[in-house]
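> First the structure, then my questions, so here it is.
The values are calculated or read from the model by the stated rules, or taken from the named source; none is laboratory data. From a predicted model like this one, the values you see are computed outputs, not experimental measurements. All Cβ positions, even for glycine, are placed from backbone atoms using ideal geometry, and neighbour counts span all protein chains on display. SASA here: full protein model, heavy atoms, side chains in, ligands and nucleic acids out. Shrake-Rupley method; radii C 1.70, N 1.55, O 1.52, S 1.80 Å.
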2 protein chains.
Amino acid sequence: MSDSSFPDLVLPPDGRQSETARGIQRGALRYLAARGLVGVPEFCLASGRRADIAALDMRGEVWVVEIKSSVIDFRTDRKWTEYRLHCDRLFFAVGPDFPLDILPEDTGILVADPFGAGLVREAPRHPMAGATRKALTLRFARAAAGRLMALMDPEALRGIAL
Amino acid sequence: MSDSSFPDLVLPPDGRQSETARGIQRGALRYLAARGLVGVPEFCLASGRRADIAALDMRGEVWVVEIKSSVIDFRTDRKWTEYRLHCDRLFFAVGPDFPLDILPEDTGILVADPFGAGLVREAPRHPMAGATRKALTLRFARAAAGRLMALMDPEALRGIAL
């Protein structure tokens with residue numbers, strides 16, 4: 001998807017998520033809200049990959065939360081390493097039955113259900129460069145506002161380049 | 001509202017707008033979308049004042065659009081001059097019957113109805129300082145994502161500081 005278009009107008013749930021993943025997503029978003037972060041699910045990065053959740057705190061720190069609904073889901077995904085380049089802190093969010101010891105040590109861990117999440121391990125901070133943060137914050141702002149526009153007035157975005 | 005909270009969770013229409021103003025707002029947002037800008041209505045600035053629409057283009061330029069539903073609405077509002085400090089371009093959006101010659105010359109003009117808007121005069125560009133832009137973009141991002149969260153999961157934001 002090109003930079004000249006609205007970066008991301010797909011609203012979750014988008015049918016590709018399992019019920020388990022959706023529940024973890026909701027619980028993780030609630031946890032983030034309680035810590036003062038606003039989150040955008042299914043956030044499309046500049047690389048084209050989607051982070052399960054990107055979140056922004058009041059100082060502009062960016063967190064990425066990767067949702068893993070099962071061990072297989074984790075084992076078959078090696079793209080999560082790339083997400084670290086697009087955030088200041090990287091978390092995995094998993095369900096209550098997930099074996100936590102298989103998760104990489106240098107990431108945060110949230111254990112979530114549909115009603116909330118608990119912090120098992122804080123994520124180490126690895127601040128992005130200023131230019132990366134600036135571009136990512138703009139992308140985040142446009143993704144969130146574009147989705148909001150699409151919800152408020154679906155007609156508004158018809159017939160224009162997406 | 002303090003910076004430590006979600007900046008703005010009110011979703012328009014919020015009952016304070018006239019039907020005319022709502023129609024102009026919708027048309028102006030459609031115009032912005034067609035030009036590639038995403039807009040957030042009723043955007044709360046750092047000063048506490050609300051801009052009728054704040055919008056962000058793909059390079060990060062910020063536009064503010066002030067909606068004037070009548071001549072009286074315009075004449076009784078002198079706070080619009082402040083909005084210039086919080087954007088790179090300032091527009092007025094008015095209905096088809098509004099007398100355009102009373103609008104200040106150094107602002108852009110959109111003539112709007114509920115279905116769209118036409119550009120009568122491009123707004124002059126007066127770029128914000130970098131730090132102002134950075135703070136405003138973050139505020140915009142958090143406002144848009146916060147409203148989206150509130151729509152997706154109203155429970156998520158209950159019981160936390162707002």
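> Out of all the residues in region A:14-43, which are of a type in the set (Ser, Thr, Tyr) and in a helix (DSSP H, G or I)?
A:Thr20, A:Tyr31
> Give B:Arg78, B:Arg133, B:Arg125, B:Arg50 a once-over and let me know the one that is among the basic types (Lys, Arg) and within 15 Å of B:Ala21 (Cβ to Cβ).
Every option except B:Arg50 fails the conditions.
> What are the residues in region B:129-151 that are more than 8 Å from every other protein chain (Cβ to nearest Cβ) and open to solvent by 20 Å² or more (accessible area, probe 1.4 Å), if any?
Correct list: B:Ala129, B:Gly130, B:Ala131, B:Thr132, B:Arg133, B:Ala135, B:Arg139, B:Ala150.
> Among the residues that make up region B:65-72, is at least one of them within 14 Å of another protein chain (Cβ to nearest Cβ) and either more than 17 Å from B:Thr107 (Cβ to Cβ) or at pLDDT 95 or above (or both)?
For region B:65-72, residues within 14 Å of another protein chain (Cβ to nearest Cβ) and either more than 17 Å from B:Thr107 (Cβ to Cβ) or at pLDDT 95 or above (or both): present.
> Could you check how many residues of region B:31-51 are buried (at least 24 other Cβ atoms within 10 Å of the Cβ), more than 11 Å from the chain's Cα centre (by Cα) and at the interface with chain A (Cβ under 7 Å from one of its Cβ atoms)?
1
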